[in-house]
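Below is one structure, written out as structure tokens; the observations come after it.
Laboratory data are not the source of any read-out in this text; all were calculated from the coordinates shown. Quick caveat, the model's predicted, so the values are computed rather than measured. Note that we place each Cβ from the backbone using ideal geometry, even for glycine, and neighbour counts take in every protein chain shown.
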Amino acid sequence: MKPVRKILCIVDPARDNPQAPARAAMLAQRFDAELALFVSRHYSYLNEIAADFGQDQKEFGKAVIESLREQLEAIAEPLRSQGLAVTTNADWRPDPCTAIIGEAERVAADLVVKDTRYHSAIARALFSSTDWNLIRRCTLPLWLVKPGVSFEPKCKLLACVDPVHEHDLPESLDDDILETGKQLAAELEGALHAIHWFNPMMPRGNDAAAGDKPQGAMSDRLWETHAQAFTTLVERHDIPPARRHLQTGAAQTLLPALVEDLGVSLTILGAVTAARTRHRLIGSTAESVLDRVASDVLILKPA
């Protein structure tokens, strides 16, 4: 991830106790970066209400945007009093993802920060369409904020890497994930862990999900191949052995469990945009774990 000089924070005024502004402010302070607060809204039913009352729809939309700008300014003023450089902007557009990407380009953002939700295993649902569209279309690093996550000193960060490149991600992305993790760990006074997982050819029942080494000569060779590639990668980035996690099994089981066991505050994943992958958009790994991990998620794209 390139140096962060401008952070675009997407604000949802309708959300109770949004976390993204505070998270973006913390990052702006750590990186000595400027902060841009942005909201995009479009309520088709408001246009219908305006018509019912004989009001001009464009003027009605302008009034809504002005109200949103006032809400953003109410968030910005306390942050400015802390010494941060904060700008605000609101837009009235039917496609919030396109509006966010356009605003990121307009302000020359280096990082996009946005609230999202964690759903329990019982009440799990997909991210909103805006979240998924941003993951698929936004080329900038995307930091998705979950409620209740703490970044106190000695927090833990988890970098997800794929040194054997099974998921259509370029080799350089692993290096970027680990370098970004190290940079953030230094800024946040945290500790960086790294994980690589794979599905063995011959897993031993439920042991695979627990991270045990699979049995069988072919599985042994498979384990050794992944272990060697993982060790080479993490040693190149000086990740201590105690913070290396090589596991076998399904990502949607392993990753949330490790995040919970370690008390991870930020999980760093790589993904490709829809235009770059020959598979299903961002791939099954991200889709299977993003809504399951109880940590913030930082998604990096290839340069």
Highest-first arrangement of 9-21, 132-144, where packing means the average Cβ count within 10 Å:
132-144, 9-21
Estimated FRET transfer efficiency (Glu260, Glu59; beta-carbon r; R0 35 Å; 0.05)
0.10
Highest mean first, how do 239-247, 105-113 rank when packing is the count of other Cβ atoms within 10 Å averaged over residues?
105-113, 239-247
What length, rounded to one decimal in nm, is gained on full extension from Glu73 through to Gln228, with 0.36 nm per residue of separation minus their alpha-carbon distance?
50.6 nm
Cut-off under 5 Å, modelled amide H: who pairs with Asp91 long-range
Val39, Ser40, Arg41
For His165 and Arg106 in one chain, what is 0.36 nm times their gap in residues minus the Cα-Cα distance, to one decimal in nm?
17.8 nm
